[in-house]
Amino acid sequence: MDWGLQNRIARFVKPITGHTVMLAADHGYFMGPTRRLENPRATLEPLLPFADAVAVTRGVLRRSIPATSDVPVVLRVSGGVTVLKEDLSDEAITTSMEEALRLNVAAVALSVFVGAPHEHQSLVSLAELVDEGEAMGMPVMAITAVGKELEKRDARYLSLACRVSAELGAHLVKTYYCENFEKVVEGCPVPLVVAGGPKLDSDRAVLDLCEGAMVKGAIGVDMGRNIWQSDHPVAMLQAIRAIVHEKATAREALQMLEPGRKPSAARSAPA
Ligand code: R5P
C-alpha cells in the first residue's frame, strides 16, 4: 500500500490500538432529516472530540463541520436515490475524487448492493473508485448495504458481500454485525468495521453488539443512530470507545452510562 494511502488510514485507524470508532452521520442523503440528526451541526458538535472519524456527505461537511476541526472525515460519495423508492440500490457516484481531495478527507465511502437490482452498477462503481483511489492515495471503504431488506443481515450474505468488496479492491469494508460474525471476518481479507443499524432496544444491546464485533475480529465501528439517537450520546460514544480501544466488556462499559459518571478522555487526549 502506498505511503499516502497508509497515512490517510492511520489518521482514523489509531495506530496505537489498530482500532477505530467512526461516527456515522451520512443518513440524510437518502433518509432526509433523520430523528436527532435534523440539525447535523448541533448533533455532531459535542460528539466530534470523541470520534476517530466522522462519516458525512460533502453537504454536511461544508455546512456543519468547521474547517478548523481536526476530526478525520470519511466522505460518502455514492447516492442518487431516496427512501421514497422501494429499491434503494440505484446509486451512482455523486461526488468526484477531485472533490474528495479538495476537501482533504481521510477516505471515501460508497454503498455496494450485492444481490440487489443494481448490484452491477454499484460493484463497477466500487472498482472504478478503487482505481482512482489507488492513483490518488485515497482509501476506499465499501459499505455492504441491504436497503430495506434488513433481514438479509446474516453471515452467509454478509460474507459474500464483504468478500466481493475486498476482491474488487476496497481497503476497508463496513458491514453489519450478525450471528457467526467470525465467519464474515474469516472470509474477508481487509479490515471490517460494523454499523449499528436502526436504534436497538437498550444501551446494553448496543454495547453487546460492539463487544461481540470486536471479540470476533472487527477493527471498530462506524455507528450512527445508536449513538446520536441515544438520550446520552456523548456517554454512549465514550462507552463504545472503551470497548473498541481499551477492551472493556459491555458490562464494564455500561457503567460509564451511569448518571454523574466522570467523562473519559477525548480522542485527542494522550493515552
Ligand atoms: C447509511 O446511511 C450509512 O451507511 C450509515 O453510515 C450506516 O448505516 C451506519 O449508521 P447506523 O449505525 O445508524 O446504521
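The values are calculated or read from the model by the stated rules, or taken from the named source; none is laboratory data. Everything numeric in this text was worked out from a predicted model, so none of it was measured. Cβ coordinates were reconstructed from backbone atoms using ideal geometry, including for glycine residues, and neighbour counts include every protein chain displayed.
Some points to look at:
- Test for Val190: is it under 15 Å from Arg153 (Cβ atoms) and without any contact (Cβ under 8 Å) to a residue 60 or more places away in the chain: no
- Residues of the range 1-31 that turn out to be within 20 Å of Leu75 (Cβ to Cβ), away from the ligand (no atom under 16 Å from the Cβ) and in a helix (DSSP H, G or I), as a count: 8
- Meets criteria (at pLDDT 95 or above and away from the ligand (no atom under 16 Å from the Cβ)) for Arg76: no
- Scanning the range 135-179 for residues that are under 20 Å from Ala55 (Cβ atoms) and among the charged types (D, E, K, R), we see that the one that is modelled with the lowest pLDDT is Arg153.
- Take the conditions (1) in a loop (DSSP other than H, G, I, E, B); (2) of a type in the set (S, T, N, Q); (3) surrounded by 17 or more Cβ atoms within 10 Å (Cβ to Cβ); Ser159 misses just one of them, which is (1).
- Considering the range 128-156, and only residues there that are surrounded by fewer than 17 Cβ atoms within 10 Å (Cβ to Cβ) and among the small types (Gly, Ala, Ser), the residue that is nearest to the chain's Cα centre (by Cα) turns out to be Gly137.
- Flag for Lys199 being of a type in the set (Lys, Arg), surrounded by 21 or more Cβ atoms within 10 Å (Cβ to Cβ) and touching a residue at least 24 places away in the same chain (Cβ under 8 Å): no
- For Ala145, the stated conditions hold: it is within 25 Å of Val73 (Cα to Cα), within 13 Å of the ligand (Cβ to nearest atom) and of a type outside the set (Lys, Arg).
- For the range 58-73, the count of residues that are within 15 Å of the chain's Cα centre (by Cα) and within 20 Å of Ala213 (Cβ to Cβ) is zero.
- Of all residues in the range 171-187, those that are under 22 Å from Asp2 (Cα atoms) and either free of Cβ contacts under 8 Å to residues at least 12 places away in the same chain or not aliphatic (A, V, I, L, M) (or both) total 2.
- Residue that is surrounded by the most Cβ atoms within 10 Å (Cβ to Cβ), among those in the range 167-196 that are small (Gly, Ala, Ser) and more than 16 Å from the chain's Cα centre (by Cα): Gly169
- Considered as a group, the residues in the range 45-97 that are of a type in the set (A, V, I, L, M) and without any contact (Cβ under 8 Å) to a residue 12 or more places away in the chain include one that is farthest from Leu123 (Cα to Cα), and that residue is Ala67.
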